[in-house]
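Every read-out reported here was derived from the displayed coordinates using simple, explicitly stated rules and does not represent laboratory data. For clarity, every value in this text was computed on a predicted model and none was experimentally measured. No Cβ is skipped: glycine too gets one built from the backbone with ideal geometry, and neighbour counts run over all protein chains shown.
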Amino acid sequence: MPQIEDITDADDIDDLDMDIAQFDPNLITPVAPLYEEKKEQEEEPAGPRRARPEDPALEVLRQKQADLPEHIPGEEDFKSMEAFTEEEREQLATMQVLYPCYFDSNRSVKEGRRAPLEKCVENPLAKTVLDACKILSLPSFLEFDKSHPQDFGNPGRVRVALKYEGKPTTEKIKSKRQLLDLVADYMVKHPTTLASVKQAPGPPELTRSSYKPLEVPKVEGFKMNTIVPLHSALTMKNPQTAGAYTVPNPAAAAQQQQKKQKQKIQRIRM
């Protein structure tokens with residue numbers, strides 16, 4: 001089996017002009033980890049301004065994170081992160097991207113897999129990738145509406161700050177290869193189940209109801225999950241769940257009802 005030594009995001013699909021998805025409430029700072037600034041450093045390198053430990057805005061953000069209640073997936077997860085400024089978007093562009101298909105045991109490297117096959121799992125979800133990054137103490141957040149072009153039925157990807165200004169954000173992880181191995185280890189220990197789906201962001205009509213997720217049938221000729229997020233196109237087209245994604249039209253409903261009530265009268269001429 002060929003060994004992959006260097007992994008980059010050259011083939012990753014990234015459109016920062018579109019809405020940024022869910023921002024992880026457990027993240028202290030969007031990109032930069034806290035670090036000790038060197039005293040001998042008098043000039044800052046050119047580029048986007050980074051968050052510093054002494055920034056008042058960072059202190060406010062830290063306080064807000066401490067006051068946040070336990071996160072429950074719901075309607076708020078589907079709001080775009082319009083609060084991100086252009087400067088913050090530039091910072092986000094420096095973060096590494098992890099797609100769930102990187103850990104799919106049913107895929108080849110050509111089909112999108114990046115982790116070693118022996119460490120891959122079936123039905124990987126972006127939410128599990130995010131949980132792994134949290135355990136590894138890496139700044140990360142979930143973009144729920146982004147998907148890999150070879151895994152369009154399994155939306156969601158994770159942005160993770162593996163490095164900051166060329167230096168690892170944690171001494172434990174110094175390369176993306178090592179990050180993939182550690183995330184894969186976590187996913188093996190936390191396999192995807194149907195119960196996992198309701199723990200991820202989704203329509204409140206489904207996440208907070210008695211709805212029980214079902215596996216979706218595989219399509220011949222496609223590599224795909226049988227367990228997908230609730231906001232997947234494969235779920236939204238399912239008749240059992242389509243009602244949670246459609247907005248009722250009162251005018252159309254009234255017109256339809258009126259048509260049903262119209263009676264035909266047959267006249268007989270003598």
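Beyond 26 Å in Cα-Cα separation lie the following of the pairs 127/218; 167/223; 110/172: 167/223; 110/172. Each label point was placed 7 Å from the Cα along the Cα-to-Cβ direction; for residue 87 and residue 137 their separation is 2.8 nm.
Show me the ranking of peptides 142-155, 121-134 by mean Cβ neighbours inside 10 Å, starting with the highest.
In decreasing order of mean packing, 142-155, 121-134 become 121-134, 142-155.
Under the classification rounded if a/c is under 1.5, otherwise prolate if a/b is larger than b/c and oblate if not, where does the range 156-241 fall, given a ≥ b ≥ c as square roots of the Cα gyration tensor eigenvalues? Taking the square roots of the gyration eigenvalues as a ≥ b ≥ c, the range 156-241 is prolate.
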